[in-house]
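J.: Dumping the structure here so I can ask a few things about it.
The values are calculated or read from the model by the stated rules, or taken from the named source; none is laboratory data. The structure presented is a predicted model; accordingly, all values stated were derived computationally and were not measured. Glycine gets a Cβ as well: all are built from the backbone with ideal geometry, and neighbour counts include every protein chain shown. Keep in mind that these areas ignore ligands, DNA and RNA; they rest on the heavy atoms of the full protein, side chains included. Shrake-Rupley method; radii C 1.70, N 1.55, O 1.52, S 1.80 Å.
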Amino acid sequence: MGYNSSKWDRKASLLISDARACLMGVFIIVIMLFHNSFGILGPISVPFYLYGHWGVDVFLFLSGFGVYFSLKKSGHNGLLPFYKRRLVRIIPASVVVGGILYMCGMADWLGLLGLNLWYIRTALVLYLFSPVIYHLLVNWHATRALVLLTLLAVVGIIVAVPLLLHSGFVWQTTISWTLARLTAFVLGMYIAHMDFSVKQLLHPAYVIIAVLSLLAALYFHLERAQQGAFSNCLHLLPYTLVAFALPLCLVLLSMFIPTKSGGVITFIGSCTLELYLVHEAIFKKVSVLPYNGITKFLLAYGLSAVAAVVLHYSCRYLCKLLHR
(Lines give C-alpha, C1' and ligand atoms only; values in the text may rest on other atoms or scores of the structure.)
Protein backbone atom coordinates (compact mmCIF):
# COMPACT_ATOMS: atom_id res chain seq x y z
CA MET A 1 0.00 0.00 0.00
CA GLY A 2 1.44 3.36 -0.94
CA TYR A 3 1.96 6.40 1.22
CA ASN A 4 -1.16 8.26 2.22
CA SER A 5 -0.79 11.47 4.24
CA SER A 6 -4.23 11.02 5.79
CA LYS A 7 -2.93 8.02 7.68
CA TRP A 8 -1.00 10.33 9.99
CA ASP A 9 -4.37 11.43 11.39
CA ARG A 10 -5.73 7.91 11.78
CA LYS A 11 -5.95 6.04 15.05
CA ALA A 12 -2.94 3.83 15.66
CA SER A 13 -5.23 1.05 16.88
CA LEU A 14 -7.12 1.06 13.56
CA LEU A 15 -3.90 0.81 11.57
CA ILE A 16 -2.66 -2.10 13.66
CA SER A 17 -6.05 -3.80 13.51
CA ASP A 18 -6.22 -3.52 9.70
CA ALA A 19 -2.68 -4.85 9.29
CA ARG A 20 -2.76 -7.41 12.11
CA ALA A 21 -3.03 -10.55 9.99
CA CYS A 22 -0.35 -9.32 7.60
CA LEU A 23 1.96 -8.39 10.49
CA MET A 24 1.54 -11.86 11.95
CA GLY A 25 2.36 -13.39 8.58
CA VAL A 26 5.53 -11.31 8.28
CA PHE A 27 6.77 -12.11 11.76
CA ILE A 28 6.07 -15.85 11.68
CA ILE A 29 8.39 -15.89 8.65
CA VAL A 30 10.94 -13.96 10.73
CA ILE A 31 10.67 -16.56 13.50
CA MET A 32 11.06 -19.42 11.04
CA LEU A 33 14.16 -17.76 9.60
CA PHE A 34 15.48 -17.47 13.16
CA HIS A 35 15.15 -21.26 13.45
CA ASN A 36 16.61 -21.84 9.98
CA SER A 37 19.71 -24.05 10.21
CA PHE A 38 20.22 -25.00 6.58
CA GLY A 39 23.05 -22.56 5.89
CA ILE A 40 21.95 -21.27 2.49
CA LEU A 41 21.24 -17.60 3.28
CA GLY A 42 24.79 -16.64 4.24
CA PRO A 43 25.19 -13.18 5.80
CA ILE A 44 21.48 -12.50 5.29
CA SER A 45 20.72 -14.97 8.08
CA VAL A 46 22.78 -13.10 10.70
CA PRO A 47 20.16 -10.50 11.76
CA PHE A 48 17.50 -13.20 11.84
CA TYR A 49 19.75 -15.44 13.95
CA LEU A 50 20.50 -12.61 16.40
CA TYR A 51 17.13 -10.90 16.64
CA GLY A 52 14.50 -13.05 14.92
CA HIS A 53 13.17 -14.30 18.25
CA TRP A 54 11.68 -10.84 18.78
CA GLY A 55 8.99 -11.94 16.38
CA VAL A 56 7.50 -13.71 19.41
CA ASP A 57 7.31 -10.36 21.20
CA VAL A 58 5.37 -8.99 18.22
CA PHE A 59 2.94 -11.91 18.52
CA LEU A 60 2.42 -11.24 22.22
CA PHE A 61 1.94 -7.51 21.60
CA LEU A 62 -0.67 -8.26 18.92
CA SER A 63 -2.21 -10.89 21.17
CA GLY A 64 -2.58 -8.38 24.01
CA PHE A 65 -3.99 -5.90 21.50
CA GLY A 66 -6.66 -8.39 20.39
CA VAL A 67 -7.38 -9.56 23.94
CA TYR A 68 -8.22 -6.00 24.99
CA PHE A 69 -11.01 -5.72 22.41
CA SER A 70 -12.20 -9.24 23.16
CA LEU A 71 -12.55 -8.39 26.86
CA LYS A 72 -14.19 -5.09 26.00
CA LYS A 73 -16.82 -6.90 23.92
CA SER A 74 -17.39 -9.55 26.61
CA GLY A 75 -19.15 -7.00 28.82
CA HIS A 76 -21.96 -8.54 30.82
CA ASN A 77 -21.38 -11.97 29.25
CA GLY A 78 -18.63 -12.64 31.79
CA LEU A 79 -15.22 -14.20 31.41
CA LEU A 80 -16.26 -17.75 30.56
CA PRO A 81 -16.88 -17.06 26.83
CA PHE A 82 -13.58 -15.16 26.68
CA TYR A 83 -11.57 -18.01 28.17
CA LYS A 84 -13.42 -20.52 26.01
CA ARG A 85 -12.48 -18.68 22.81
CA ARG A 86 -8.82 -18.53 23.84
CA LEU A 87 -8.67 -22.22 24.73
CA VAL A 88 -10.52 -23.31 21.59
CA ARG A 89 -8.01 -21.39 19.46
CA ILE A 90 -4.91 -22.79 21.17
CA ILE A 91 -5.55 -26.16 22.81
CA PRO A 92 -6.84 -28.38 19.94
CA ALA A 93 -3.91 -27.62 17.61
CA SER A 94 -1.41 -27.78 20.49
CA VAL A 95 -2.73 -31.15 21.69
CA VAL A 96 -2.68 -32.65 18.19
CA VAL A 97 0.89 -31.52 17.48
CA GLY A 98 2.09 -32.30 20.99
CA GLY A 99 0.58 -35.78 20.86
CA ILE A 100 2.26 -36.53 17.52
CA LEU A 101 5.60 -35.29 18.83
CA TYR A 102 5.19 -37.42 21.95
CA MET A 103 4.53 -40.54 19.89
CA CYS A 104 7.60 -39.74 17.77
CA GLY A 105 9.75 -39.36 20.86
CA MET A 106 10.22 -35.60 20.30
CA ALA A 107 8.27 -34.36 23.34
CA ASP A 108 7.75 -35.41 26.96
CA TRP A 109 4.41 -36.00 28.69
CA LEU A 110 3.58 -32.29 28.49
CA GLY A 111 3.23 -32.80 24.76
CA LEU A 112 0.12 -34.83 25.39
CA LEU A 113 -1.44 -31.74 26.94
CA GLY A 114 -0.17 -29.41 24.24
CA LEU A 115 2.16 -27.72 26.73
CA ASN A 116 5.52 -28.84 25.39
CA LEU A 117 6.34 -25.38 23.96
CA TRP A 118 7.13 -22.51 26.33
CA TYR A 119 5.24 -20.03 24.17
CA ILE A 120 1.96 -21.90 24.64
CA ARG A 121 2.41 -22.03 28.42
CA THR A 122 3.31 -18.32 28.54
CA ALA A 123 0.36 -17.32 26.35
CA LEU A 124 -2.04 -19.27 28.56
CA VAL A 125 -0.69 -17.61 31.72
CA LEU A 126 -1.02 -14.16 30.15
CA TYR A 127 -4.57 -14.94 29.00
CA LEU A 128 -5.41 -16.11 32.53
CA PHE A 129 -4.37 -12.79 34.06
CA SER A 130 -5.48 -10.54 31.19
CA PRO A 131 -8.81 -9.61 32.86
CA VAL A 132 -6.81 -8.23 35.80
CA ILE A 133 -4.62 -6.21 33.41
CA TYR A 134 -7.73 -4.99 31.60
CA HIS A 135 -9.30 -3.90 34.90
CA LEU A 136 -6.17 -1.92 35.85
CA LEU A 137 -6.01 -0.19 32.47
CA VAL A 138 -9.70 0.71 32.37
CA ASN A 139 -10.44 1.50 36.01
CA TRP A 140 -7.11 2.90 37.13
CA HIS A 141 -4.68 5.35 35.51
CA ALA A 142 -3.62 3.38 32.40
CA THR A 143 -0.06 4.72 32.20
CA ARG A 144 0.49 4.08 35.90
CA ALA A 145 -0.77 0.53 35.38
CA LEU A 146 1.70 0.06 32.52
CA VAL A 147 4.59 1.34 34.66
CA LEU A 148 3.53 -0.79 37.63
CA LEU A 149 3.30 -3.98 35.58
CA THR A 150 6.63 -3.25 33.86
CA LEU A 151 8.30 -2.76 37.25
CA LEU A 152 6.69 -5.99 38.43
CA ALA A 153 8.19 -7.80 35.43
CA VAL A 154 11.65 -6.30 35.96
CA VAL A 155 11.70 -7.02 39.70
CA GLY A 156 10.47 -10.52 39.00
CA ILE A 157 13.26 -11.09 36.48
CA ILE A 158 15.92 -9.80 38.86
CA VAL A 159 14.64 -11.39 42.08
CA ALA A 160 12.49 -14.39 41.21
CA VAL A 161 14.19 -15.83 38.14
CA PRO A 162 17.55 -16.59 39.87
CA LEU A 163 15.61 -18.47 42.56
CA LEU A 164 14.13 -20.70 39.83
CA LEU A 165 17.48 -21.88 38.44
CA HIS A 166 17.31 -25.14 40.38
CA SER A 167 13.57 -25.66 40.00
CA GLY A 168 11.85 -27.80 37.40
CA PHE A 169 12.39 -26.85 33.77
CA VAL A 170 8.69 -26.22 33.13
CA TRP A 171 8.31 -23.85 36.07
CA GLN A 172 11.57 -22.10 35.27
CA THR A 173 10.82 -21.48 31.60
CA THR A 174 7.16 -20.61 32.07
CA ILE A 175 7.71 -18.04 34.82
CA SER A 176 10.88 -16.63 33.24
CA TRP A 177 9.43 -16.12 29.79
CA THR A 178 6.10 -14.85 31.14
CA LEU A 179 7.90 -12.14 33.12
CA ALA A 180 10.19 -11.34 30.18
CA ARG A 181 7.29 -10.97 27.74
CA LEU A 182 4.73 -9.43 30.11
CA THR A 183 5.51 -5.85 29.05
CA ALA A 184 4.96 -6.57 25.34
CA PHE A 185 1.57 -8.14 26.10
CA VAL A 186 0.54 -5.27 28.40
CA LEU A 187 1.66 -2.67 25.85
CA GLY A 188 -0.57 -4.28 23.26
CA MET A 189 -3.55 -3.86 25.60
CA TYR A 190 -2.39 -0.34 26.52
CA ILE A 191 -2.21 0.86 22.90
CA ALA A 192 -5.66 -0.60 22.23
CA HIS A 193 -7.04 1.20 25.29
CA MET A 194 -5.41 4.62 24.83
CA ASP A 195 -6.53 4.95 21.20
CA PHE A 196 -3.67 7.25 20.21
CA SER A 197 -3.56 8.83 16.79
CA VAL A 198 -0.42 8.26 14.75
CA LYS A 199 0.59 11.89 15.35
CA GLN A 200 0.25 11.41 19.11
CA LEU A 201 2.32 8.24 18.97
CA LEU A 202 5.02 10.16 17.11
CA HIS A 203 5.47 12.56 20.02
CA PRO A 204 9.23 13.27 20.27
CA ALA A 205 9.44 12.07 23.89
CA TYR A 206 8.05 8.64 23.00
CA VAL A 207 10.09 8.37 19.81
CA ILE A 208 13.26 8.99 21.84
CA ILE A 209 12.23 6.37 24.41
CA ALA A 210 11.42 3.85 21.68
CA VAL A 211 14.68 4.39 19.78
CA LEU A 212 16.84 4.25 22.92
CA SER A 213 15.01 1.13 24.14
CA LEU A 214 15.51 -0.59 20.79
CA LEU A 215 19.19 0.35 20.58
CA ALA A 216 19.81 -0.85 24.15
CA ALA A 217 18.02 -4.14 23.48
CA LEU A 218 19.97 -4.65 20.24
CA TYR A 219 23.26 -3.98 22.04
CA PHE A 220 22.57 -6.26 25.01
CA HIS A 221 21.48 -9.13 22.78
CA LEU A 222 24.53 -8.71 20.56
CA GLU A 223 26.82 -8.67 23.60
CA ARG A 224 25.24 -11.82 24.95
CA ALA A 225 25.50 -13.58 21.60
CA GLN A 226 29.17 -12.68 21.23
CA GLN A 227 30.42 -13.03 24.79
CA GLY A 228 27.76 -14.79 26.81
CA ALA A 229 28.22 -11.91 29.22
CA PHE A 230 24.89 -11.84 31.00
CA SER A 231 23.47 -13.98 33.75
CA ASN A 232 20.34 -16.07 33.37
CA CYS A 233 18.20 -13.27 34.79
CA LEU A 234 19.79 -10.22 33.15
CA HIS A 235 19.63 -11.63 29.64
CA LEU A 236 15.83 -11.51 29.93
CA LEU A 237 15.69 -7.76 30.51
CA PRO A 238 16.21 -6.76 26.82
CA TYR A 239 12.82 -8.31 26.06
CA THR A 240 11.28 -5.67 28.33
CA LEU A 241 13.34 -2.98 26.60
CA VAL A 242 12.36 -3.97 23.07
CA ALA A 243 8.69 -4.00 24.04
CA PHE A 244 8.67 -0.20 24.28
CA ALA A 245 9.75 0.09 20.64
CA LEU A 246 7.02 -2.21 19.35
CA PRO A 247 4.10 0.27 19.17
CA LEU A 248 6.14 2.74 17.11
CA CYS A 249 7.67 0.08 14.84
CA LEU A 250 4.39 -1.73 14.21
CA VAL A 251 2.37 1.42 13.56
CA LEU A 252 4.94 2.70 11.06
CA LEU A 253 5.09 -0.72 9.40
CA SER A 254 1.29 -0.89 9.30
CA MET A 255 1.19 2.35 7.33
CA PHE A 256 3.04 0.88 4.38
CA ILE A 257 2.19 -2.82 4.16
CA PRO A 258 -0.70 -4.23 2.12
CA THR A 259 -3.71 -5.10 4.24
CA LYS A 260 -6.18 -6.44 1.67
CA SER A 261 -7.67 -9.77 2.66
CA GLY A 262 -6.79 -12.73 0.49
CA GLY A 263 -3.08 -11.97 0.12
CA VAL A 264 -0.48 -14.68 0.65
CA ILE A 265 1.06 -13.02 3.72
CA THR A 266 -2.38 -12.44 5.21
CA PHE A 267 -3.22 -16.11 4.70
CA ILE A 268 0.06 -17.09 6.35
CA GLY A 269 -0.94 -14.78 9.21
CA SER A 270 -4.12 -16.80 9.73
CA CYS A 271 -2.02 -19.94 10.26
CA THR A 272 0.67 -18.52 12.53
CA LEU A 273 -0.19 -20.68 15.54
CA GLU A 274 -0.06 -23.84 13.46
CA LEU A 275 3.19 -22.81 11.76
CA TYR A 276 4.72 -22.07 15.14
CA LEU A 277 3.66 -25.46 16.48
CA VAL A 278 4.96 -27.58 13.60
CA HIS A 279 7.96 -25.88 12.03
CA GLU A 280 10.69 -26.57 14.61
CA ALA A 281 10.01 -30.31 14.68
CA ILE A 282 9.91 -30.46 10.87
CA PHE A 283 13.11 -28.41 10.58
CA LYS A 284 14.83 -30.79 13.00
CA LYS A 285 13.82 -33.88 11.04
CA VAL A 286 14.66 -32.40 7.65
CA SER A 287 18.06 -31.13 8.82
CA VAL A 288 19.41 -34.70 9.12
CA LEU A 289 18.32 -35.79 5.63
CA PRO A 290 21.12 -36.49 3.10
CA TYR A 291 20.26 -33.59 0.81
CA ASN A 292 21.94 -30.30 -0.01
CA GLY A 293 21.05 -27.11 1.84
CA ILE A 294 18.71 -25.68 -0.78
CA THR A 295 16.72 -28.90 -1.03
CA LYS A 296 16.41 -29.19 2.74
CA PHE A 297 15.41 -25.52 3.01
CA LEU A 298 12.64 -25.87 0.42
CA LEU A 299 11.49 -29.20 1.84
CA ALA A 300 11.38 -27.90 5.41
CA TYR A 301 9.41 -24.78 4.57
CA GLY A 302 7.12 -26.60 2.16
CA LEU A 303 6.29 -29.37 4.63
CA SER A 304 5.74 -26.81 7.40
CA ALA A 305 3.30 -24.88 5.21
CA VAL A 306 1.35 -27.99 4.22
CA ALA A 307 1.23 -29.34 7.77
CA ALA A 308 0.11 -25.97 9.15
CA VAL A 309 -2.70 -25.57 6.62
CA VAL A 310 -3.95 -29.13 7.20
CA LEU A 311 -3.81 -28.62 10.97
CA HIS A 312 -5.54 -25.24 10.75
CA TYR A 313 -8.53 -26.45 8.78
CA SER A 314 -8.75 -29.80 10.59
CA CYS A 315 -8.98 -28.06 13.95
CA ARG A 316 -11.55 -25.60 12.63
CA TYR A 317 -13.66 -28.49 11.35
CA LEU A 318 -13.29 -30.36 14.66
CA CYS A 319 -14.36 -27.29 16.64
CA LYS A 320 -17.44 -26.86 14.44
CA LEU A 321 -18.40 -30.49 15.05
CA LEU A 322 -18.06 -30.03 18.80
CA HIS A 323 -20.31 -26.96 18.71
CA ARG A 324 -23.15 -28.81 17.01
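J.: Return the single residue from Pro81, Pro247, Pro92 with maximal mean-square fluctuation; model: Gaussian network over the chain, springs between Cα atoms under 10 Å.
T.: In the Gaussian network model the winner is Pro81.
J.: Something else now. Post the alpha-carbon centroid distance, the range 170-227 to the range 127-146, in whole angstrom.
T.: With the range 170-227 and the range 127-146 each reduced to a Cα centre, they are spaced 17 Å.
J.: Please quote Rg/Rh for the range 27-146 to two decimal places, taking the Kirkwood radius as Rh and restricting both calculations to Cα atoms.
T.: 1.07
J.: For the chain, what is the accessible area per residue in Å², given a 1.4 Å probe and the full set of protein chains?
T.: 50
J.: Please compute the modelled spin-label separation between Tyr219 and Tyr313, points set 7 Å along Cα→Cβ, answer in nm with one decimal.
T.: Calculated label separation equals 5.0 nm.
J.: Over 31 Å between Cα atoms, which of Lys73/Lys199; Lys73/Lys284; Lys72/Lys320 qualify?
T.: Lys73/Lys284
J.: Could you identify which residue out of Thr266, Thr173, Thr143 has the top mean-square fluctuation in a GNM of the chain using Cα springs shorter than 10 Å?
T.: Looking only at Thr266, Thr173, Thr143, the largest GNM fluctuation is found for Thr143.
J.: Per DSSP H run of at least 4 residues, take -39500 (n - 2.57); add these up for the chain, divide by its residues and hand me the 222 nm value, nearest 500 deg cm²/dmol.
T.: -24500 deg cm²/dmol
J.: Follow-up. Report the calculated FRET efficiency for Tyr291 and Tyr49 (r = Cβ-Cβ distance, R0 = 22 Å), to the nearest 0.05.
T.: 0.50
J.: Using a 1.4 angstrom probe on the protein heavy atoms only, could you order Val56, Val264 from most to least accessible area?
T.: Val264, Val56
J.: While we're here: Under a 10 Å cutoff between Cα atoms, tell me which one of Gly293, Gly66, Gly98 has the largest fluctuation in the Gaussian network model of the chain.
T.: Gly293
J.: Enter the accessible area of Asp108 (Å², nearest 10), with the probe set to 1.4 Å and all protein chains included.
T.: About 80 Å², rounded to the nearest 10.
J.: Another question about this same structure. Quick one: pull the percent of accessible area on the range 62-215 belonging to carbon and sulfur, 1.4 Å probe, ligands and nucleic acids left out.
T.: C and S fraction of accessible area: 74 percent.
J.: Still on this structure: Tell me, in nm to one decimal, what length is gained between Asp9 and Cys104 on full extension, where the rule is 0.36 nm per residue of separation less the Cα-Cα distance?
T.: Roughly 28.9 nm would be gained on extension.
J.: Which sequence of Phe59, Phe244, Phe267 reflects their accessible areas, 1.4 Å probe, from the largest down?
T.: These residues rank, largest area first, as Phe267, Phe244, Phe59.
J.: 7 Å from Cα along Cα→Cβ at both Val211 and Val95: what's the point-to-point distance in nm?
T.: It works out to 5.0 nm between the two label points.
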